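Where a number appears in this text, it was derived from the coordinates with a stated rule and is not lab data. The structure displayed is predicted, hence computed values, not measured ones. Using ideal geometry, Cβ is built from the backbone for each residue, glycine included, and neighbour counts are taken over all protein chains shown.
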Amino acid sequence: MPGTLITVAPTGAETAKADVPQLPTTLEELVETAQRCEAAGAGLVHVHVRDSDAGHVPTLDPVRLRDTVQALREATDLVVQLSTGGSVHDPLEARLTVLDAEPDSCSLTCGTLNFGDDVFLNPFPFMSDLYVQAQEREVVPEFELFDLGHVAALRRLLDRHGLPYGGKVHVDLVTGVPGGMPGTVEALVAAVQMLPPEVTSWSATGIGRAHLPVAAAALAMGGHLRVGMEDNLVYARGRPVQHNAELVERVAGLATTMQRPPLRPDEARELLGVKERRSR
């Protein structure tokens, strides 16, 4: 069996810095987090950018996005993936501009869903535009699938527009979001069984307490993993996560025990078909 791509999602857009001071929201914190997580076994970093001058709120400011990509590229070898979800309140037009920052990869959520008490809007025309623009800019999309209907929407995208840049199709099955598929092994198995044959690799995310069961099931099924404080703030009962590296280290150990050790960033680039954008 192949090694394991470990994605770290260190920040997200939902948790307030005031509530979780250890959440990495400044550029310096994000770079330090990425470096420690790379050393712990991560191959890809999934980035939401915050405005540390305005209360650490989520932002799609183009200068901050580009500066973040450049800083992470200079300080690490990680595949840099920008979220095109932003926060659930960002307008669709602004979310498309994320590609201007020239990331290695971008997220592409394959459908609208209830996201807790909010609605995460992803109409098909927006998904289609994002996909085509990613193809044109040679950015590799990671298809985020929160429900079985999203798997069907991925099939529709591939039928209409063909393969993404690089020819690989990588998806992330996100389980446990209130409004999406539950964080259970049964839901994960159902989603994997529905994946189109064009899918070359998949990872799984378990939100909150689904974190460990979903990770174990994904490893057993040949999948890859996403962890991080965007998805889970509790390491164990009564013990908050203090640093994203803790979560990466734990699943890296689990993957190694399963004889599927973490992929290095260069191996992650090969798995995903990422374009070389590093100058060093």
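Using the Cβ-Cβ distance between Val189 and Ala152 with R0 set to 25 Å, the FRET efficiency works out to roughly 0.90. Mind giving me the FRET efficiency for Thr97 and Glu270? R0 is 22 Å, r the Cβ-Cβ distance, nearest 0.05 is fine. The formula returns an efficiency of 0.15 here. Comparing Gly55, Gly176, Gly206 in a Gaussian network model of the chain where C-alpha atoms under 10 Å apart are linked, the largest mean-square fluctuation is found at Gly55. Each eigenvalue of the Cα gyration tensor of region 209-264, multiplied by 5 and square-rooted, gives one semi-axis; in descending order these are 20, 12, 9 Å.
Label-to-label distance, Arg239 versus Glu198, with points set 7 angstrom from Cα along the beta-carbon direction: 4.4 nm. Scaled to the globular estimate 2.2 N^0.38 Å, the Cα spread of region 71-128, given as radius of gyration, is 1.26.
The distance separating the Cα centre of region 208-280 from that of region 18-76 comes to 17 Å. Label separation (Ser279 vs Val20): 3.4 nm, computed from points 7 Å beyond Cα along the C-beta direction. Considering only Val80, Met194, Val174, the residue lying farthest towards the positive end of the dipole of the chain is Met194, judged by Cα position with unit charges set on Cβ.
Along region 70-83 the Karplus relation, 6.51 cos²θ - 1.76 cosθ + 1.60 evaluated at θ = phi - 60°, assigns HN-Hα couplings of 5, 5, 5, 5, 6, 8, 9, 9, 4, 5, 9, 10, 8, 6 Hz to successive residues, with x for each Gly and Pro. Highest GNM mean-square fluctuation among Ala268, Ala54, Ala13, for the chain modelled with Cα contacts below 10 Å: Ala54. Report which label in (i) 16.9, 48; (ii) 25.5, 79; (iii) 20.2, 78 holds the value of Rg and Dmax of the Cα atoms in Å derived from the coordinates of this structure. Given (i) 16.9, 48; (ii) 25.5, 79; (iii) 20.2, 78, the structure-derived one carries the label (i). Applying 0.36 nm per residue to the separation of Ser128 and Gln259 and subtracting their alpha-carbon distance, the gain on full extension is 43.4 nm.
Placing dummy labels 7 Å off each Cα toward the beta-carbon, the span from Asp67 to Met221 is 4.1 nm.
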